[in-house]
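The values are calculated or read from the model by the stated rules, or taken from the named source; none is laboratory data. Values in this document were obtained by computation on a predicted structure and should not be read as measured data. Here the Cβ positions follow ideal geometry from the backbone for every residue, glycine too, while neighbour counts run over all protein chains shown. When the accessible area is computed, the model is the full protein with side chains, heavy atoms only, and any ligands, DNA or RNA have been set aside. Shrake-Rupley method; radii C 1.70, N 1.55, O 1.52, S 1.80 Å.
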Amino acid sequence: MVQLGLVGQGIGASLTPAMQEREGRWNGLDLHYRLLDAEQLGVTAADLPQLLLWARRLGYAGLNVTHPFKQAVVPLLDEVSPDAADLGAVNTVVFRDGRALGHNTDWSGYGRAFSAALPDAVHDRAVLVGAGGAGSAVGYALLHGGSEHVAVVDSDRERAAACAARLADRFGSGRVSATTDLRGALAGASGVVNATPLGMHGHPGASVPVDLLREDLWVCDVVYFPLETELVAAARARGCRVLPGGGMAVHQAVGAFELFTGLAADAGRVEQHFLELTGARRPTSTATPTAAPAAS
Ligand code: NAD
């Protein structure tokens, strides 16, 4: 039996248990995945050491970690992968041989989704809007994958500067900058990624004004509730190639499954299941229109 869980706040609608359990069954595993909802359990960051201890004692093979604990969990682990250490954030903890090992499959998941959907764009200059946890992971993936330059924009200047500085430490200051000039940054770029919550259910709007979208821009979103955000819809209407947020969600789960189990996941099969769960009908990674998914 493989027991896994997700620790975080506001995770009631997470599709991760269903994706992990289905992929486990396909691989012949008796895999169980439990939501450990911080609000329901009364867990705060101060409780994380105890939570990790008890997960190990109860025989968990690993945990996914999400908002607001991805940074707080890092110092509690026995070992952290170099990329997760660069990002200062862990979303996957594997318990093995009495040790807790931290990984980050957000960046690798976005990177896999991006290079699969837009393989000719991996060296492009890009604009990243949103410099929080998701934005840092996206920036890391873009630069790791070969982007010539990433311009980081955030309504909070200090967050943009901090994100750019962290990425510059890893990839060099010539390849990343922070700016408040979204229009100017887009003029010199081939693509843009929304890594703000705008477009999510409850957060209407788009972080990139429609009039700044050009047909030759590729446009990615990390928001996936709904898959068809205002930005994705506007970009499709403008004729841009798009990658909705489902790609990152699917591939971070694939990466975590592989770390937890040591088995290869079938990304196409996980994506198909994700689309069934969201009510979408077409692949998350094409430039063709998708049906708006049902709210989770
Ligand atoms: P966060 O709060 O840490 O960061 C969001 C950032 O966006 C903040 O720095 C904020 O200042 C900035 N921002 C907000 N509105 C802005 C605007 N109009 N213009 C510029 N900057 C703006 O949040 P996060 O954890 O990084 O998550 C962001 C989104 O990514 C959420 O919707 C989350 O659900 C999604 N997400 C998706 C995946 C996936 O697998 N697809 C993974 C992680 C997060």
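Of the residues making up the range 204-251, just one is near the ligand (Cβ under 9 Å from one of its atoms) and open to solvent by 50 Å² or more (accessible area, probe 1.4 Å), namely TYR224. Taking the criterion of being open to solvent by less than 40 Å² (accessible area, probe 1.4 Å), touching a Gly at 6+ places or on another chain (Cβ under 9 Å) and of a type outside the set (Val, Ile, Thr), the residues of the range 63-90 that qualify are LEU63, ASN64, PHE69, LEU77, SER81, ALA84, LEU87, ALA89. Any residue at all in the range 67-82 that's at pLDDT 95 or above and either assigned by TED's automatic domain parsing to the domain that holds GLY133 or in contact with a Pro (Cβ under 7 Å, 6 or more places away or on another chain) (or both)? Yes; the residues of the range 67-82 include at least one that is at pLDDT 95 or above and either assigned by TED's automatic domain parsing to the domain that holds GLY133 or in contact with a Pro (Cβ under 7 Å, 6 or more places away or on another chain) (or both). Examine the range 118-128 for a residue that is of a type in the set (Val, Ile, Thr), within 25 Å of GLN272 (Cβ to Cβ) and away from the ligand (no atom under 12 Å from the Cβ), and state whether such a residue exists. Within the range 118-128, one or more residues are of a type in the set (Val, Ile, Thr), within 25 Å of GLN272 (Cβ to Cβ) and away from the ligand (no atom under 12 Å from the Cβ).
In contact with a Gly (Cβ under 6 Å, 6 or more places away or on another chain) and either on the phi > 0 side of the Ramachandran plot or in contact (Cβ under 8 Å) with a residue 12 or more places away in the chain (or both): does that describe HIS149? The answer is no for HIS149.
Residues in the range 25-47 that are more than 21 Å from ASP97 (Cβ to Cβ) and either among the small types (Gly, Ala, Ser) or open to solvent by less than 30 Å² (accessible area, probe 1.4 Å) (or both): GLY28, TYR33, LEU36, ASP37, ALA38, GLY42, VAL43, ALA45, ALA46. Taking the stated definitions as given, is ALA264 over 16 Å from the mean Cα position of the chain (by Cα) and farther than 15 Å from ARG112 by Cα? Judged against the criteria, ALA264 is not a match. Only one entry in ALA89, ALA85 is part of a loop (DSSP other than H, G, I, E, B), out of contact with any Leu (no Cβ under 6 Å at 6 or more places or on another chain) and either closer than 30 Å to LEU243 by Cβ or modelled with pLDDT of 95 or more (or both), namely ALA89.
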